[in-house]
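The values are calculated or read from the model by the stated rules, or taken from the named source; none is laboratory data. Remember, it's a predicted structure, so these values are computed and weren't measured experimentally. Neighbour counts are summed over all protein chains in view; Cβ atoms, including those assigned to glycine, are modelled from backbone coordinates with ideal geometry.
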Amino acid sequence: MNYQNDRESNEYRVARRSFTVIGFACAGVLALNYGLNAAVIGICGRLSGKGIIPEGLFAEGSLSRLLLVTLTGFGIALPLAAFAVKKLLPAPASDGGSGLTSAPYELFCVVF
């Protein structure tokens, strides 16, 4: 009986840690996304000031700016956060017991 309680307690700790890691990864991806977007838009503003890219190409409300920030988020921020989740979450249990039954990246995407 005691073994069963210890196992359930361990399962609870693993599940709680997993959701905590996923929660911090979601907050991290949002912060990283905003930071990267500000940096990329700042770089584009400096490049347009020097005449390297056309003036107003990434102006507020333009479709090109929307594409730029979307590609930055999905191309850089989300993969970095998914990599962090994959490294921090425990591997699925192979003994038929508890553990994550789906890939950490899939779980992260579902929660996000």
For residues in the stretch 7-31 being polar (S, T, N, Q) and surrounded by fewer than 12 Cβ atoms within 10 Å (Cβ to Cβ), which is farthest from residue 81 (Cα to Cα)? 9
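Give me the residue from the stretch 54-75 that is surrounded by 16 or more Cβ atoms within 10 Å (Cβ to Cβ) and not basic (Lys, Arg) and, out of that set, modelled with the lowest pLDDT.
58
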Looking only at the stretch 44-61, count how many residues are under 20 Å from residue 71 (Cα atoms) and either small (Gly, Ala, Ser) or assigned to a helix (DSSP H, G or I) (or both). 8
Could you check the stretch 44-85 and list, in sequence order, the residues that are free of Cβ contacts under 8 Å to residues at least 12 places away in the same chain and closer than 17 Å to residue 25 by Cα? 74, 75, 79, 83
State which residue pairs qualify: first residue over 15 Å from residue 67 (Cα atoms) and inside the stretch 17-43, second residue surrounded by 12 or more Cβ atoms within 10 Å (Cβ to Cβ) and among the β-branched types (Val, Ile, Thr) in any location, beta carbons under 7 Å apart, and separation of 6 or more residues or different chains. 21/85; 22/85; 22/111; 25/85; 26/111
